[in-house]
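The values are calculated or read from the model by the stated rules, or taken from the named source; none is laboratory data. What you are looking at is a predicted structure, and each value in this text was computed from that prediction instead of being measured. No Cβ is skipped: glycine too gets one built from the backbone with ideal geometry, and neighbour counts run over all protein chains shown. Accessible surface areas use protein heavy atoms only, side chains included; no ligands, DNA or RNA. Shrake-Rupley method; radii C 1.70, N 1.55, O 1.52, S 1.80 Å.
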Amino acid sequence: MQGIRTFIPTERKVYYLQSLLRVGFDTLDFGSFVSPKAIPQMQDTAEVLASLDLSATKSKLLAIIANTQGAETAALHPEITYLGFPFSISENFQMRNTHKTIAQSLVTLQEILNIAERSGKEVVAYLSMGFGNPYGDPWNVDIVAEWTETLANMGIRILSLSDTVGSSTPDVITYLFSNLIPKYPDIEFGAHLHTVPDRWFEKIDAAYNAGCRRFDGAIQGFGGCPMAKDELTGNMPTEKLLSYFTTQKEDTGTSPMGFESSYNEATKLFGEFH
């Protein structure tokens with residue numbers, strides 16, 4: 001929702017999120033405690049949270065935060081389990097995304113880890129530009145490995161390698177997950193992949209076969225990064241993930257009827273607000 005310029009009324013957000021909570025996903029990225037000027041759509045995250053009925057869901061809530069102030073605010077809410085922090089190994093993208101250098105972001109991340117420890121939260125770090133860099137910054141798999149080591153030493157235990165602009169290839173996905181997962185058994189690695197419509201299968205398949213079992217998705221791929229070069233590049237569609245896991249006989253713990261209801265609600269919501 002964050003990329004939609006037309007403000008979606010709080011009650012509509014709540015209605016949609018409530019449908020997602022009934023599906024049975026492990027984690028729901030429900031909102032962001034970030035500057036209203038930066039992302040106006042997320043200015044009512046606290047109000048949305050206060051209106052959610054969590055009594056009948058097993059899903060854990062994740063809030064995206066970009067700075068210490070956001071982490072302090074999110075930490076006040078006992079309903080939130082995860083604080084998601086986007087950490088880019090691209091200096092250019094980090095400045096675009098959080099207006100901080102990589103060095104400044106490391107300081108912020110340590111402060112966020114301290115806040116999370118005090119408040120009983122868990123930090124999910126997103127390693128943005130994890131699969132390539134379109135901005136001309138140095139990038140290779142060794143740089144990704146070095147940053148993974150740095151974040152592991154800081155205490156990160158959930159690390160999502162993030163594609164962000166759809167530049168990942170099956171070879172790089174396979175190489176990174178198959179090398180990093182065995183090396184860091186205490187870290188839960190995730191895949192935050194963006195894709196064009198005809199490349200979803202090869203990306204999921206590469207990550208899955210390399211051992212990844214945590215995948216981020218968005219229904220119908222809504223919400224692609226506005227900085228992606230191809231307007232067809234969107235988030236990994238949740239329905240494609242579920243279809244793939246069904247063929248692998250994986251138990252996702254989700255309700256097919258619940259997901260169908262959410263899918264229909266997404267179609268209505270994003271058809272009206274775009």
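Quick one: I65 ticks every box in (1) over 23 Å from I219 (Cα atoms); (2) crowded, with 16+ Cβ neighbours inside 10 Å except a single one, so which number is it?
In the conditions (1) over 23 Å from I219 (Cα atoms); (2) crowded, with 16+ Cβ neighbours inside 10 Å, I65 misses (1) alone.
Take segment 173-198 and flag every residue that is modelled with pLDDT under 95 and either β-branched (V, I, T) or in contact with a Pro (Cβ under 9 Å, 6 or more places away or on another chain) (or both).
T195, V196, P197
Could you tell me which residue of segment 112-142 is most open to solvent (accessible area, probe 1.4 Å), considering only residues that are over 21 Å from A191 (Cβ atoms) and among the hydrophobic types (A, V, I, L, M, F, W, C)?
In the first step, residues of segment 112-142 are kept if they are over 21 Å from A191 (Cβ atoms); the result is 112-121, 135-138.
If we keep only those that are among the hydrophobic types (A, V, I, L, M, F, W, C) too, we end up with 112-113, 115-116.
Details: I112: 0, L113: 25, I115: 7, A116: 3 Å².
Once the filter is applied, the top-ranked residue is L113.
Can you confirm whether segment 70-92 contains a residue that is open to solvent by 20 Å² or more (accessible area, probe 1.4 Å), part of a loop (DSSP other than H, G, I, E, B) and over 19 Å from G31 (Cα atoms)?
No - not one qualifying residue is present in segment 70-92.
Within the set of pairs 6+ apart or on separate chains, which have a first residue in segment 155-167 that is open to solvent by less than 10 Å² (accessible area, probe 1.4 Å), a second that is assigned to a loop (DSSP other than H, G, I, E, B), and C-beta atoms under 6 Å apart?
So the pair list comes out as L159/I187; L161/G130; S162/G130; D163/F131; D163/L193.
State all residues of segment 162-200 that are among the aromatic types (F, W, Y) and within 19 Å of the chain's Cα centre (by Cα); if no residue qualifies, say none.
In the first step, residues of segment 162-200 are kept if they are among the aromatic types (F, W, Y); the result is 175, 177, 184, 189, 200.
Of everything in segment 162-200, those that are among the aromatic types (F, W, Y) and within 19 Å of the chain's Cα centre (by Cα) turn out to be F177, F189, W200.
Which residues, counting only those in segment 14-56, are in a loop (DSSP other than H, G, I, E, B), free of Cβ contacts under 8 Å to residues at least 60 places away in the same chain and small (G, A, S)?
From segment 14-56, those in a loop (DSSP other than H, G, I, E, B) are 22-26, 34-39, 43-44, 52-56; that's our starting set.
From what's left, free of Cβ contacts under 8 Å to residues at least 60 places away in the same chain: 34-39, 43-44, 52-56.
Matches in segment 14-56: S35, A38, S55, A56.
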